[in-house]
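Asks: This is the structure I have questions about; it appears just below.
The values are calculated or read from the model by the stated rules, or taken from the named source; none is laboratory data. This is a predicted model, so every value here is computed, not measured. Positions of Cβ are backbone-derived with ideal geometry, glycine not excepted, and every protein chain shown enters the neighbour counts. What goes into the accessible areas is simple: the full protein's heavy atoms, side chains included, and nothing from ligands, DNA or RNA. Shrake-Rupley method; radii C 1.70, N 1.55, O 1.52, S 1.80 Å.
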Amino acid sequence: MSETENIREAQTATSDGTEIYGDDGVIRADVIEQISNAIEASDVEQLQRTVENLHESELGDLIEALEPNERQEFVALLGDQFDFSSLTEVDEAIRMDIVTVLPNEQIALAVREMDTDDAVYILEDMEEEDQADILAKIPFTERIRLRRSLDYPEESAGRRMQSEFVAVPPYWTVGQTIDYLRDTDDLPDSFSQLYVIDPTFRLVGAVDLDSVLRAGRDVRVEDIQRETRHAIPAEMDQEEAAQIFEQYDLLSAAVVDENDRLVGVLTIDDVVDVIQQEAEEDFKRLAGVGDEELSDNVISTTRSRFVWLLVNLATAIIASYIIGMFDATIEQMVALAVLMPIVASMGGNAGTQTMTVAVRALATKDIDIYNSGRIIRRELTVGLINGMLFAILIGLMASAWFGNVPLGLVIAAAMIINMICAALAGILIPLMLAKMDIDPASASSVFVTTVTDVIGFFAFLGLAAVFLV
């Protein structure tokens, strides 16, 4: 067995050596059954043995695999042995179902042992009354840190930052710094940088730990510090902060307030979560399901999807109206009714392809004022080439199917027109929405689909009315 496999086995096995994941990466059914039986029997010792060696993410997967009525009992039976950090790894609905039935005293004790970023993740969705009660049970210094993070906007760097960091003045020597790190108990569990601050807590620079270890004890910190060129404003959107990490290959970054005072640090583990979260949000919005989670109940899921479906109904009515304009034409040539969905469908798929690329490029800021013209020309060319290729295919097919060469030429021409329009709509609509500060991920799809349906039907039926009927 390789070293990597040994590490995975150690991380995913219970205290008795049982692997919790199957070959498909899903929690094993026998492990879930074992946990369920222990919950039913209120076997605390068995539950503790099961979760003893689990990482917080693995415990989160286990919680999500349990039945809804078992989760609360599972956490209650574990009591003080339950790792609250695992709640940052589960869906919001599951997390709220659990924390709402736990006493605030237990949550307060758990929050005190957690890093501030994880604590904020749990507290931010709670009712204000419960949130205030929990904060009141926490020592003043820790309460101030949490309160400050909670005061920043949702999905901002300030909400995701960790308030525990190491800061030293520039006039300290390396020897003083090392002694401070050795003698101080109230330090983060892990860190790779020290931040240099002036007497007003303004950020001056940063020092990597390897620089401290390599320098002599008499060397001053200011002589080995480097400028922090990528300090992140606390009010910055978390997605923009993640893009800075990606662009400059950062492992951590200082977070500063409006006065450039150091208030926290953003670390790569939180940024990875942000990247995944933002990607999932964009993907869901493109499909019109908003912030829906698998753990949401039927009512909330129905409500979140209804509005989008209602908008799509309106666009479908518009497309139907266009068809209604040519009802006489369709009555004279039934083949048009058979073939017209092909043109609209191909245009819709082509538009969705272009739109997906455009929306993601806008999210990652890969499209800007300098390259937008080139990208529009590229998509227009792709639409033209694909339109001509598929026009040949559908034209030949329609001619052979109905024995009508003019019909094949009409549908071929309509295919070219719609594929070109689909490409333009797929790139231009997201760009225009972004220019108007409207989220392209949530609004592009319905407009692109409407354009391709309307133009597809109008082009095909209009050309048919002129040249065939």
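Asks: Would you please list the contacts, defined by Cβ atoms under 6 Å and residues six or more apart or on different chains, that run from a residue in the stretch 357-384 that is buried (at least 16 other Cβ atoms within 10 Å of the Cβ) to a residue that is among the charged types (D, E, K, R)?
Replies: Within 6 Å, the pairs are Ala363/Asp282.
Asks: Hey, another quick one. In the stretch 199-228, what count of residues is obtained for those that are surrounded by 12 or more Cβ atoms within 10 Å (Cβ to Cβ), closer than 19 Å to Val263 by Cβ and not polar (S, T, N, Q)?
Replies: Qualifying residue count, the stretch 199-228: 7.
Asks: Separate question: Quick one: which residue in Val204, Val212 is under 33 Å from the mean Cα position of the chain (by Cα) and among the β-branched types (Val, Ile, Thr)?
Replies: Numbers: Val212 fails: under 33 Å from the mean Cα position of the chain (by Cα).
Going through Val204, Val212 in turn, the sole match is Val204.
Asks: A further question on this structure: Check the stretch 42-59 and report whether any residue there is assigned to a helix (DSSP H, G or I) and at positive phi.
Replies: In the first step, residues of the stretch 42-59 are kept if they are assigned to a helix (DSSP H, G or I); the result is 44-51, 56-59.
Filter once more, so that each one left must be at positive phi: none.
Scanning the stretch 42-59 turns up no residue that is assigned to a helix (DSSP H, G or I) and at positive phi.
Asks: Right, another one. Is it fair to say Leu266 is more than 9 Å from the chain's Cα centre (by Cα) and assigned to a strand (DSSP E or B)?
Replies: Working: more than 9 Å from the chain's Cα centre (by Cα): yes; assigned to a strand (DSSP E or B): yes.
Against the criterion (more than 9 Å from the chain's Cα centre (by Cα) and assigned to a strand (DSSP E or B)), Leu266 qualifies.
Asks: Regarding the stretch 431-442, can at least one residue be identified that is without any contact (Cβ under 8 Å) to a residue 40 or more places away in the chain, in contact with a Pro (Cβ under 8 Å, 6 or more places away or on another chain) and of a type outside the set (Asp, Glu)? First the steps, then the outcome.
Replies: So in the stretch 431-442, the residues without any contact (Cβ under 8 Å) to a residue 40 or more places away in the chain come out as 432-433, 435-438.
Right, trim to in contact with a Pro (Cβ under 8 Å, 6 or more places away or on another chain) and you get 433.
Now drop any that are not of a type outside the set (Asp, Glu), which leaves 433.
There is at least one residue in the stretch 431-442 that is without any contact (Cβ under 8 Å) to a residue 40 or more places away in the chain, in contact with a Pro (Cβ under 8 Å, 6 or more places away or on another chain) and of a type outside the set (Asp, Glu).
Asks: What's the number of the only condition in (1) touching an Asp or Glu at 6+ places or on another chain (Cβ under 7 Å); (2) at pLDDT 85 or above; (3) open to solvent by 80 Å² or more (accessible area, probe 1.4 Å) that Glu45 fails to meet?
Replies: (1)
Asks: Additional query: Met126 versus (1) under 28 Å from Ser86 (Cβ atoms); (2) assigned to a helix (DSSP H, G or I): which is the lone unmet condition?
Replies: That leaves (2) as the condition not met.
Asks: Quick check on my filter: what residues within the stretch 48-74 are of a type in the set (D, E, K, R), open to solvent by 70 Å² or more (accessible area, probe 1.4 Å) and over 27 Å from the mean Cα position of the chain (by Cα)? Spell out the reasoning first.
Replies: The first filter runs over the stretch 48-74 and keeps only residues of a type in the set (D, E, K, R), leaving 49, 52, 56, 58, 61, 64, 67, 70-71, 73.
Narrowing the set further to residues that are open to solvent by 70 Å² or more (accessible area, probe 1.4 Å) leaves 49, 52, 67, 73.
Across the stretch 48-74, the qualifying residues are Arg49, Glu52, Glu73.
Asks: Follow-up question, since we're still on this one. Among the residues of the stretch 390-406, which ones are over 18 Å from Asn349 (Cα atoms), open to solvent by less than 40 Å² (accessible area, probe 1.4 Å) and hydrophobic (A, V, I, L, M, F, W, C)?
Replies: Selection gives Ala398 alone.
Asks: Can you work out which of the residues in the stretch 61-88 that are among the acidic types (Asp, Glu), assigned to a helix (DSSP H, G or I) and out of contact with any Asp or Glu (no Cβ under 8 Å at 6 or more places or on another chain) is nearest to Ser42 (Cα to Cα)?
Replies: As a first pass, look at the stretch 61-88 and keep what is among the acidic types (Asp, Glu): 61, 64, 67, 70, 73, 80, 83.
If we keep only those that are assigned to a helix (DSSP H, G or I) as well, we get 61, 64, 70, 73, 80.
Narrowing further to those that are out of contact with any Asp or Glu (no Cβ under 8 Å at 6 or more places or on another chain): 70, 73, 80.
Numbers: Glu70: 11, Glu73: 9, Asp80: 15 Å.
Here the answer is Glu73.
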